[in-house]
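Taking it in order: structure first as structure tokens, then the write-up.
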Amino acid sequence: MNASVKQRYFDHNATMPLAPEAQEVWMDAHRRAWYNPSALYRGSLQVSVLLDEVRERVAEYLQCVPGCIVFNSGATEGNNTFFHYVQRVFPQEGILLLSKGEHPSVYASIQSLFPGRYEWLEHDVHGRVDLEALEQRLKRGGCVSVSVLAANNESGLLQPWRELADLCKRYQVWYHCDATQWLGKLPARGLGACDFVTVSAHKLGGPKGAGFIKIPQACSLVSLLGGGQEMGHRSGTENYPGIASMVRALEIAQDHASKGTDARAKWRDAFEGALLKAIPKVEIVGRGAERLWNTSLCLMPGYDGVQWARKLDRAGFCVGVGSACSSAKETASSMLLQLGYSERVAKGAIRISSGWSTQEGDWQALLGAIQDIWVERNAHSADTSLVDIDTL
Ligand code: PMP
């Protein structure tokens with residue numbers, strides 16, 4: 001990349017930069033609150049009190065009791081933990097329901113731990129779960145849990161988690177809500193009504209390697225055995241600096257979210273509208289459905305997603321491809337395949353996701369860069385070394 005090209009970051013759903021305030025809290029905790037909170041001297045007891053305080057702050061945001069918040073390393077751990085817990089409580093029988101578009105840490109866990117014991121939920125064309133069909137399924141009985149994420153990491157599609165929490169409560173089935181993409185972008189209020197909620201700090205402006213799982217009150221998670229930290233739910237010395245930094249980032253994100261996101265959604269919508277006009281055959285996944293204000297999943301013609309991403313990188317724009325945040329970057333998104341898109345079309349996807357610092361001009365600049373790449377492609381269309389995905 002030309003070092004003089006300003007890099008604009010459009011992959012916030014993969015990870016966010018650490019918020020400066022969260023970095024300050026992290027450094028300060030390492031300077032002053034680095035003691036092991038389980039020891040008995042004053043410094044440790046102070047860290048233990050600080051840990052209780054940040055737990056209370058998270059619980060206030062979600063509207064649940066502090067004892068339901070268990071700090072861990074992030075959402076992959078949280079999702080795996082949930083399914084190991086289900087396996088411990090229901091070792092032999094009971095069906096697990098999940099939506100299409102769940103993160104791989106959800107469906108890979110289910111596939112590995114519960115072969116033959118899971119069912120996909122019905123959904124509309126965008127992937128939003130069909131609540132009536134779910135209710136019919138729950139009426140038939142035999143289900144133990146429902147896993148539906150709050151917001152999709154690739155398309156930004158929002159799921160009706162409040163209604164799902166009510167429905168699951170009525171049928172006495174656990175509702176597991178992966179809120180990783182929701183919490184840093186939309187208000188957390190009410191999430192505590194879901195039985196299990198999983199979250200990663202780095203998706204909301206906090207540090208990598210921290211997160212939490214919200215559990216029901218009468219639950220003995222025992223996700224890691226050892227010293228019995230986290231009220232016995234998860235052993236291992238607590239990462240207080242990471243946790244405190246995450247909670248500061250959460251406060252900042254929630255403050256942004258409380259001020260409204262309509263203007264930001266309009267910038268994204270204007271970008272999409274102009275893109276659809278400028279380039280034939282583009283499809284925006286979930287357009288018309290309720291989505292996160294920051295996300296645009298574009299199925300692009302001309303090149304595959306990896307080629308688009310490399311060209312945009314050279315032009316100064318970071319966008320995602322394939323399955324969000326996974327190491328298998330060259331593979332087609334499993335979410336798109338689950339929704340019925342062909343592998344050829346899915347491979348043309350680029351994932352665009354803005355952050356709180358992204359401005360209208362950044363969206364316009366991104367559009368301009370995409371148009372330039374398209375014009376250049378057409379100018380060289382006689383060049384047979386170009387892969388035209390339409391002709392594959
Ligand atoms: N769930 C969702 C919806 C995600 O977007 C991600 C990260 N892509 C995860 C879970 C896993 O998070 P982490 O990699 O931080 O463990």
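The values are calculated or read from the model by the stated rules, or taken from the named source; none is laboratory data. Just so it is clear, the structure is predicted and the values come from calculations on it, not from any experiment. All Cβ positions, even for glycine, are placed from backbone atoms using ideal geometry, and neighbour counts span all protein chains on display. The protein model used for the area step is the full one, side chains on, heavy atoms only, and it has no ligands, DNA or RNA in it. Shrake-Rupley method; radii C 1.70, N 1.55, O 1.52, S 1.80 Å.
Numbers for the structure displayed
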item: Enumeration of residues in the range 183-221 that are small (Gly, Ala, Ser), within 14 Å of the ligand (Cβ to nearest atom) and outside any loop (DSSP other than H, G, I, E, B); result: 200, 201, 211
item: Pairs with Cβ under 8 Å, 6+ apart, first in the range 222-233 and within 22 Å of residue 49 (Cα to Cα), second of a type in the set (A, V, I, L, M); result: 230/70; 231/70; 232/222; 233/70; 233/215; 233/221; 233/222
item: Qualifying positions in the range 8-22 - touching a Ser or Thr at 6+ places or on another chain (Cβ under 7 Å) and assigned to a helix (DSSP H, G or I); result: 22
item: Counted residues, the range 159-182 - those being within 12 Å of the ligand (Cβ to nearest atom) and not charged (D, E, K, R); result: 7
item: Where residue 85 falls short, out of the listed (1) closer than 27 Å to residue 243 by Cα; (2) within 16 Å of the ligand (Cβ to nearest atom); result: (2)
item: Complete set of residues in the range 21-57 that are of a type in the set (Gly, Ala, Ser) and open to solvent by 60 Å² or more (accessible area, probe 1.4 Å); result: 38
item: Residue in the range 148-166 that is over 19 Å from the mean Cα position of the chain (by Cα) and open to solvent by 30 Å² or more (accessible area, probe 1.4 Å) present; result: yes
item: Cross-chain or 6+ apart pairs with Cβ under 7 Å, the range 80-99 first and closer than 19 Å to residue 218 by Cβ, then at pLDDT below 95 and open to solvent by 20 Å² or more (accessible area, probe 1.4 Å); result: 81/223; 84/223
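This table checks each residue for (1) surrounded by 22 or more Cβ atoms within 10 Å (Cβ to Cβ); (2) not assigned by TED's automatic domain parsing to the domain that holds residue 375.
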residue: 198; (1), (2): yes, yes
residue: 214; (1), (2): yes, yes
residue: 228; (1), (2): no, yes
residue: 235; (1), (2): no, yes
residue: 251; (1), (2): no, yes
residue: 288; (1), (2): no, no
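The rows are residues; the columns are (1) outside the structural domain of residue 103 (by TED's automatic domain parsing); (2) among the aromatic types (Phe, Trp, Tyr); (3) under 21 Å from the mean Cα position of the chain (by Cα).
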residue	(1), (2), (3)
30	no, no, no
34	no, yes, no
49	no, no, no
59	no, no, yes
62	no, no, yes
70	no, no, yes
83	no, yes, yes
